[in-house]
Structures are given as C-alpha cells and as structure tokens.
Amino acid sequence: MCRNTVPVAFYCIETMKGTGIMSEKLKLYGFNNLTKSLSFNIFDICYAETQKEQKEYIEYLDNMYNSHRLINILTNLTQMIGAQILNISQQDYEPQGASVTMLIAEKTLASMRKTHVAHLDKSHVTVHTYPEYHPETCVATFRTDIDVSTCGKITPLSTLDYLIAEFDSDVITMDYRVRGFTRNLNGKKLFIDHEISSIQEYIDEGTLKKYKVADMNMPEANLFHTKMMRKKIDLEDYVFNTNINEFSKKKKQDMENYLKKEMTEIYGNNRLLKQPAVPILA
C-alpha cells in the first residue's frame, strides 16, 4: 500500500520512453500517487533423467538462490531504482525454497518554502523460489517469482535487464500495470506518467534477440504483458554434473526436443497440450 506522509505543493518528474524518463517535465499537484507494479516469473529448466540428478540440481539451485543471495539481488535492485530499504523479512524453507520481502521508500528529499520534507512513497519488493521436479519426467524446473510495486517517481521497468541476467532465464512472463491516479496543477487526473506501449521497450535489444517474444497488452487499461522463451538450446547448459559428450547424436537430439517441449508448454501455458482439463472436485 502506498502512503504519503507529508503534503507538498507540487514536484516535477521526468520520464523518457524506454528509460523511465520523459523529455518534458510533468508538474503535479501534491504527491504522485500512481502505483507501478511489475510481476516477473522466471523458469530455469534442467534435463535430469534420474531422480538423483533431479534432486542434486534442485539442491544446487536452492543453495545458490538462498535467502541471503536473494537479499543481495534485491538490494542491488533497490539501488538501481533509487530507493532505500526500510525493512527486510527473509525465510528459507524445508525441503527447499526461499522468500524475501523488502519494504522500500523513495530517497527523494524535497525542499519547499524553506521546509525540508521526506517524500516517503511506500513500496515493496518480494521474491519467492519454487523448485520442482517429478520422477516421471526427465526435467527439473526452478521458478522464481519477483514482484516490484513502487509509488512516486520510482519505476521498476529499469531493472528488467538486470533480473533477466541475474537468473538463468529460459522462460519468462512479465506483467506491468499502473494503478491509481495523480493530478496536474489544473486538477486533471493523470492515470500514467510515462510513455509505454510494450514492456519490450525497456529490455535491451541484444537480450530480446535471444528469445522468442510475444505481447498481450491492454494500453487503455495501463496493463502490459510480455512473455519470452529462449530460442537456442546449448545442451551443455541444460545438464547437471553430466558430460554431454557421453551421449550419442540421437540421444542429444531427443534431449533437446524434450527441453523444447517443456519450455513451449510453459511458454504457452499448456495451450498446446491436447489433454482435457481435469475438473476440480469440491
């Protein structure tokens, strides 16, 4: 929830397309009460035929992305968006998984009429990890969910390249929405304070070339959805504690096909599966 503590006559924000900075200054009355939320779901996939290999892979990633490592990642993220950390909550789970929640605030210190006031727009960042495998499959997946909700001048879009690079991202789904409203000096409501037609505008072109990308946007509702799936599969990056050269050419092709199938199902939310939906019994 966004809560502003001190009234200010107006301040200016600058946002530009693709960077969160506009070429023209936008003068607002009072606080910028817009809430900008970015939901980020990352899937890392590994080929593991045996249950032993699956467990070893999950244990490795679970240790690699424990709560302490996640705190470091989120701390860097808050620095990138110009925020300060107010509070941290962390938890590692048994048998696996971790969660971190940070309450953050904008660092802006405004000076109005010789009075110094802190502009504290309450925001938060959360991350949860979900390791998953099944003995009847040949893959193990490690899902990371990240939510960044900010108010005021802070925008989470500038962190996309960092988050994609920080995690081994095979399949990514992103949702960005802007809620609430602020006002200009004439009292007119403003429901968004920056230009955007797609989340892709905030992702480096070099990164986008590595992925198959699709959008489902509702700009009239300030709601934007982008999903990405890695194009090229290098098997050496998808096996754990295994020498890929030990496999035959046919085996390697079967492994690659299996990985592609798994990634495509996640990317398409199982829409390509022909199996009927299973009813949920009350």
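The numbers here are math on the coordinates, done by the rules we state, and not lab data. What you see is a predicted model, and the numbers here were worked out from it, not measured in a lab. Note that we place each Cβ from the backbone using ideal geometry, even for glycine, and neighbour counts take in every protein chain shown.
Quick notes on this one:
- Cross-link reach is defined here as a Cα-Cα straight distance under 20 Å, omitting same-chain residues fewer than 8 places apart; for Lys189 the aspartates and glutamates meeting it are Glu14, Glu24, Asp121, Glu220.
- If only the Cβ of Lys and Arg carry +1 and only the Cβ of Asp and Glu carry -1, the dipole of segment 178-270 around its Cα centre is close to 180 debye.
- Segment 113-242, dipole about Cα centre (Lys/Arg Cβ +1, Asp/Glu Cβ -1), debye to the nearest 20: 980 debye
- Set of aspartates and glutamates with alpha-carbon distance to Lys52 below 13 Å, sequence-local pairs under 8 removed: Glu136
- Computed packing ranks the peptides 253-260, 96-103 as 96-103, 253-260, most packed first, by mean other Cβ atoms within 10 Å.
- Here the calculated FRET efficiency for Leu223 and Glu59, from their Cβ-Cβ distance with R0 = 35 Å, stands at 0.40, rounded to the nearest 0.05.
- Over 19 Å between alpha carbons, listed pairs Lys227/Lys260; Lys55/Lys227; Lys55/Lys232; Lys212/Lys260; Lys209/Lys231: Lys55/Lys227; Lys55/Lys232
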